[in-house]
Amino acid sequence: MPSPMPPAYALVATDLDGTLLRPDDSVSARSRPALALAASAGARHLIVTGRPVPGIRALLADLAYTGLVVCGQGAQLYDADSARLLRSVTLDREAADTALGKLEAEVGAVFAAVDQDGPDGVTLIERGYRMPNPALPALRVDSRGALWERPVIKVLVRHPELGDDALAAAARGAVGDLACVTLAGPGTVELAPYGVDKGTGIAAAAELLGIGPERTVAFGDMPNDLPMFRRSGHRVAMGNAHPELRAAADEVTDSNAEDGVAAVLERLFG
């Protein structure tokens, strides 16, 4: 009996916030069978998220997800099946502190937070910083120095007046090669280790899985998904996506509130 034809796309790479997740942080009743449909055709699901490992464990359990996960904007590669962190790249803390100082010299005082390294790392926020997603846990610290007490994978920055795009642009100009600057979501400008992004993360995962970029379909909504798009054969922007991502996409689907990921998967694998 001849073996079945492999699917046109063997890897389905999805961002979480603003993409696979609905606005209430849930995976919808339509998206779940759509992911199962892709899996039944032989495609692997790869979550590629800015969230650190501790921020996705509950979601992985809810999805019964056992594959690889790219976390922390590409800084972490996590194996959900063995609950093991396969790789982690930290951000030099002295360089991160210097980068914040350079940014503040350009735009005035900012509020910062950090995601600590490790599978049980904590998100620390300094006074004045407001979490963009209040559902994610964080601990408040009394001083910026306390942010650097343990190794970190990235820094999150907010400004009391500047918009996201303006803050991200100012950060890129001020930080240089001290860190990789990205806009990950509303109110979420981040500094990651230089040379590390979702593109390097998806490349590491795809190499372990033995799947080339031409067989990868990727879904995203923000500029931090651009490096992932560059490593994918088919790029899908959500209906709610940032203009930069829409411009780089092969197609634009419905918004995350309208199950845009599911709509494309149903068409590709149905």
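The values are calculated or read from the model by the stated rules, or taken from the named source; none is laboratory data. Being a predicted model, the structure only gives us computed values, none of them experimental. Note that we place each Cβ from the backbone using ideal geometry, even for glycine, and neighbour counts take in every protein chain shown. Keep in mind that these areas ignore ligands, DNA and RNA; they rest on the heavy atoms of the full protein, side chains included. Shrake-Rupley method; radii C 1.70, N 1.55, O 1.52, S 1.80 Å.
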**Prompt:** Using just the C-alpha positions of the chain as equal point scatterers, what log10 of I(q)/I(0) does the Debye formula give at each q in 0.10, 0.12, 0.13, 0.14 1/Å?
**Reply:** -0.48, -0.68, -0.80, -0.93
**Asked** How far, in nm, would the chain grow between E266 and R230 when pulled straight, counting 0.36 nm per residue and subtracting the alpha carbon separation?
**Response** 10.6 nm
**Accessible area of the chain belonging to carbon and sulfur atoms, whole % at 1.4 Å probe** = 52 percent
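Between D250 and A146, what FRET efficiency comes out of the Förster formula 1/(1 + (r/R0)^6) with R0 = 51 Å and r the beta carbon distance, rounded to 0.05? Numbers along the way, then the final one.
Details: r = 44 Å, r/R0 = 0.87.
Efficiency for this residue pair is about 0.70.
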**Request:** Divide by every residue of the chain the summed helix terms, -39500 (n - 2.57) for each DSSP H run of at least 4, and state the resulting mean residue ellipticity at 222 nm, rounded to the nearest 500 deg cm²/dmol.
**Result:** -8500 deg cm²/dmol
**Prompt:** What's the longest piece of the chain with no exposed GluC sites (Glu not before Pro), counting a site as exposed if DSSP puts it in a loop and it has at most 12 other beta carbons within 10 Å?
**Reply:** 1-148
**Prompt:** Across bins of 10 angstrom width beginning at 0, how are the C-alpha pair distances of the range 10-167 distributed, in whole percent?
**Reply:** 10, 36, 32, 17, 5, 0
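Pulled fully out, how much extra length does the chain show between V122 and D165, if you take 0.36 nm times their separation in residues and subtract their Cα-Cα distance? Each step should come with its number before you reach the end.
On the way: separation 43, 0.36 × 43 = 15.48 nm, distance 2.67 nm.
Between V122 and D165, full extension yields an extra 12.8 nm.
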**Asked** At A135 and E207, where each label point lies 7 Å from the Cα along Cα→Cβ, what is the point-to-point distance in nanometres?
**Response** 3.4 nm
**Item:** Under 19 Å from the A58 label point (7 Å along Cα→beta-carbon), backbone N, the range 11-25
**Value:** 16-25
**Item:** Euclidean distance between Cα centres, the range 158-208 to the range 209-254, Å
**Value:** 17 Å
**Prompt:** If we count every other residue with Cβ under 9 angstrom of M228's Cβ, Lys/Arg +1 and Asp/Glu -1, where does the sum land?
**Reply:** +1
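What is the Cα convex hull volume of the range 112-270 when expressed per residue in Å³? Don't skip to the end; give the middle numbers.
On the way: hull volume 22.4 nm³, N = 159.
With only Cα atoms used, the range 112-270 gives 141 Å³ per residue.
Restricting to Cα atoms and excluding each atom paired with itself, what does the Kirkwood estimate give for the range 68-118 in Å? It would help to have the intermediate numbers written out before the result.
Details: mean 1/r = 0.0780 Å⁻¹.
Kirkwood radius, the range 68-118: 12.8 Å.
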**Request:** Grab the beta carbon distance between E258 and D177, set R0 = 45 Å, and tell me the FRET efficiency rounded to 0.05.
**Result:** 0.70
**Complete:** Under a 1.4 Å probe, counting only protein heavy atoms, S232 has an accessible area in Å², nearest 10, of 10 Å²
**Message:** Tell me the accessible surface of V89 in square angstrom (1.4 angstrom probe, heavy atoms of protein chains only), to the nearest ten.
**Reply:** 50 Å²
**Request:** Counting only heavy atoms of the protein chains, get the accessible area per residue of the chain (1.4 Å probe) and round it to a whole Å² value.
**Result:** 43 Å²
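Can you give me the convex hull volume of the Cα atoms of the range 104-182, divided per residue and expressed in Å³?
Numbers: hull volume 8.4 nm³, N = 79.
That works out to 106 Å³ per residue.
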